[in-house]
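Written below as structure tokens is the structure these notes are about.
The values are calculated or read from the model by the stated rules, or taken from the named source; none is laboratory data. Everything quoted here is computed from the prediction, not taken from an experiment. A quick note on method: Cβ atoms are made from the backbone with ideal geometry, for glycine too, and the neighbour counts reach across all protein chains shown. Remember, those area values only see protein heavy atoms, side chains included, never the ligands or the DNA or RNA. Shrake-Rupley method; radii C 1.70, N 1.55, O 1.52, S 1.80 Å.
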Amino acid sequence: MSVETQKETLGFQTEVKQLLHLMIHSLYSNKEIFLRELISNASDATDKLRFEALAKPELLEGGADLKIRVSFDKDAKTVTLEDNGIGMSREDAITHLGTIAKSGTADFMQHLTGDQKKDSHLIGQFGVGFYSAFIVADKVDVYSRRAGSPASEGVHWSSKGEGEFEVASIEKAERGTRIVLHLKSGEEEFADGWRLRNIIKKYSDHIALPIELPKEQTTAEGEEAPALEWETVNRASALWTRPRTEIKDEEYQEFYKHIGHDFENPLSWSHNKVEGKLEYTSLLYTPARAPFDLYQREAPRGLKLYVQRVFVMDQAESFLPLYLRFIKGVVDSNDLSLNVSREILQKDPIIDSMKSALTKRVLDMLEKLAKNQPEEYKSFWKNFGQVLKEGPAEDFANKEKIAGLLRFASTRSEEGEQSVGLGDYIARMQEGQDKIYYLTGESYAQVKNSPHLEVFRKKGIEVLLLTDRIDEWLMSYLTDFDGKQFVDVARGDLDLGKLDSEEDKKAQEEVAKAKEGLVERLKTALGEQVAEVRVSHRLTDSPAILAIGEQDMGLQMRQILEASGQKVPDSKPIFEFNPAHPLIEKLDAEADEQRFTDLSHILFDQAALAAGDNLKDPAAYVQRLNKLLVELSA
Ligand code: ADP
């Protein structure tokens, strides 16, 4: 036992305590994954060492033979993992094994319900990692030393997983990390060569460096035990370098969990080797579930970059556009230099062409998923649809492809479910229809009964209902799809083109002519509030609506900007009325100018309310309405 100095006891960060508690209680039925998580960390640690040693070969301290060793002691009830990777200093151990650095963690922890089933899903979104050791161990000892530091700068970290840990400085001759798990009573099964070998084969076969176990040896009675021999139990070659046909689905899935720090299987993957002018291999995955920090600006994103099989960096963001930031994977290039930096990546023209090729790969992978596994695609859309909607604005070249992947609610979809693709929409278009109609608004409940839909309902034309915050902004980038123009049904003078017959049009013109007088009276009554007054052809049940001017900002965008305190350009709506509605008939017949004005204002305000807008002067509306009610009952 080496001498321990500068011993201190420290408390875990609150979030770590919560995570530990959750993990121990919700992952119990999956407990063997602790080994996968610890091996994954050890593998990362050797990757980091190999990379740092490119610039500083002395870090290898003469030993470039990187590996992970797993051993056990049945009597002591321990399992030990040892790696000769980058290791940790005392400070590293305190921060890495005592706190969680991910931003948004505290918020995330608030979502825990205490219901173990639900929470175990949440933990999948979070990633489990080192702390999973405490699922099977009631004490964990970590002995580590950072490569390149003197032997005297080793650290011993120890914890029972109950709120605090101890650290002490120790001598450690070999660089790297040794983790000793003291198994809980009842978990002794893990101190067994067969069990460990099976778990490693199952979860960690794809790890690119050797994972060794002690060779089973039989000793005859009275004979001295021979020196320990080790044997490699995994395949120990980088998965992506192997031919596709030889890789089993399970291997792809386990590899994903390693690089994605995910707990669940991915939805799909795409493995490709590119040869020719540029040479690289990529293995890209669509996760099944959004990580808790998908919308955090500084959340990790990007691919794991290798250059000729040597790990170079995590989270290389330059290979995919931002709107595909949820994709996980590796890219292994033969063309880049080993000492490539993030700055160089941002400027390198090689990266640009790789980026556009990888982007296509991802979009193809998603197209395939949508086509062949519609149920999975639905779940993909729920998790990542909002992010994909950023695509048309960011990636002009792939706009059409991205648009084809979008899903919307419509007047035909089930209660607001975003399940309608533009392809489906077009396939269902009415004869004579050459436009894609949509309506944006605050919520599904609000738009589904919008008066703007009345004429479409009458004619049986499908309208897309867009109610996500990002939608109006999205639609400012989507002008057409498959040669068909998008038309906002709340905007401008709705022209249904061939969907209206010649007779319809003639009849409309005649009505407009007949109501010219009413239009003028309304203009006078509503004055500054409106840009225009006209007869509507889109209403069947409602007396009036407000249409947005062709060039004006939509309501949703205006509300978002106003809420964020920004100045919004002034614009006035167009007041359209339904000449066949009894209220409008009454209005037309009203001789008393004061009452005419009051009723006009009430209709205007009601139309604003139906559109989901706020009234500028709600008190005046109530007063006018009450006045009418009193007259009515008098
Ligand atoms: P994650 O791996 O997702 O970052 P973990 O909780 O598993 O989270 O590990 C936290 C950190 O502890 C790692 O990021 C790494 O810095 C450090 N660490 C864990 N295991 C090792 C190891 N075997 N060698 C060196 N560092 C390690």
Sequence-distant or interchain residues sharing an amide H contact under 5 Å with residue 480, placed H: which?
-> 486
Determine the shape class of the range 1-140: with a ≥ b ≥ c the square roots of the Cα gyration tensor eigenvalues, call it rounded for a/c under 1.5, and otherwise prolate if a/b is greater than b/c, oblate otherwise.
-> prolate
Could you run the Karplus curve 6.51 cos²θ - 1.76 cosθ + 1.60 with θ = phi - 60° over the range 56-62 and give me ³J(HN,Hα) per residue in whole Hz, x for Gly and Pro?
-> 10, x, 5, 4, 6, 6, x
Please report, in debye to the nearest 20, how large the charge dipole of the range 240-378 is about its Cα centre when each Lys and Arg carries +1 at its beta carbon and each Asp and Glu carries -1 there.
-> 240 debye
Taking 194, 381, 473 and ranking on accessible area (1.4 Å, protein atoms only), highest first, one gets 194, 473, 381
When Lys and Arg each count +1 and Asp and Glu each count -1, what net charge do the other residues less than 15 Å away from residue 551, Cβ to Cβ, add up to?
-> -4
Contour excess over end-to-end distance, with Cα ends at residue 215 and residue 563 and 0.36 nm allotted per residue = 118.6 nm
Cα gyration tensor, the chain - rounded (a/c under 1.5), prolate or oblate | prolate
Apply 1/(1 + (r/R0)^6) to the Cβ-Cβ distance of residue 532 and residue 375, taking R0 = 45 Å, and write down the FRET efficiency to the nearest 0.05.
-> 0.40
What's the extension gain from residue 246 to residue 343 if we count 0.36 nm per residue and subtract their Cα-Cα distance?
-> 31.3 nm
Measure out, as a whole number of angstrom, how far apart the alpha-carbon centroids of the range 190-269 and the range 567-626 sit.
-> 73 Å
Quick one: dipole size for the chain, taken about the Cα centre, charges +1 on Lys/Arg Cβ and -1 on Asp/Glu Cβ, in debye to the nearest 20.
-> 480 debye
First select every other residue whose beta carbon is under 12 angstrom from the beta carbon of residue 17; then total the charges, Lys and Arg +1, Asp and Glu -1.
-> -3
Tell me, what is the percent relative contact order of the range 311-402, built from C-alpha pairs under 8 Å that lie six or more residues apart?
-> 37 percent
If you roll a 1.4 Å probe over the chain with all protein chains in place, what percent of the accessible area is carbon or sulfur?
-> 49 percent
Tally Lys and Arg at +1 and Asp and Glu at -1 over the other residues with C-beta under 15 Å from the C-beta of residue 242: what net charge comes out?
-> -2
Using a 1.4 Å probe on heavy atoms of the protein chains only, the accessible area for residue 437 in Å², nearest 10, reads 0 Å²
How about the range 559-634: which trypsin sites (Lys or Arg not before Pro) there lie in a loop by DSSP and see at most 11 other Cβ atoms within 10 Å?
-> 567, 616
Tell me, in nm to one decimal, what length is gained between residue 480 and residue 424 on full extension, where the rule is 0.36 nm per residue of separation less the Cα-Cα distance?
-> 18.7 nm
Solvent exposure of the chain as accessible area per residue, Å², 1.4 Å probe | 49 Å²
In whole Å, what are the Cα extents of the range 526-634 along the three principal axes, biggest one first?
-> 47, 31, 23
Once Rh is set to the Kirkwood radius over Cα pairs, what Stokes-Einstein translational diffusion coefficient, in µm²/s, holds for the range 298-427 at a temperature of 4 °C and a viscosity of 1.567 mPa s?
-> 81 µm²/s
Check every DSSP H run in the chain and write down those whose alpha carbon atoms cover 24 angstrom or more along the long axis and whose mean Kyte-Doolittle hydropathy is -1.0 or greater.
-> 33-55, 349-372, 593-610
5 angstrom amide H check on residue 274, placed H, neighbours 5+ away | 280, 281, 282
Given R₀ = 45 Å, FRET efficiency for residue 272-residue 113 by Cβ-Cβ distance, to 0.05?
-> 0.65
Those residues of the range 125-151 whose amide nitrogen sits under 16 Å from the label point placed on residue 25, 7 Å along Cα→Cβ | 135
Using a 1.4 Å probe, how large is the accessible area of residue 509, given in Å² and rounded to the nearest 10?
-> 130 Å²
Using modelled backbone amide H atoms (1.01 Å from N, in-plane), which distant-in-sequence or interchain residues come within less than 5 Å of residue 466's amide H?
-> 439, 440, 441
Determine the order of 219, 524 by accessible area, beginning with the largest, at a probe radius of 1.4 Å.
-> 524, 219
Label point 7 Å beyond Cα of residue 508 along Cβ direction - residues of the range 524-555 with amide nitrogen under 12 Å = 535-539
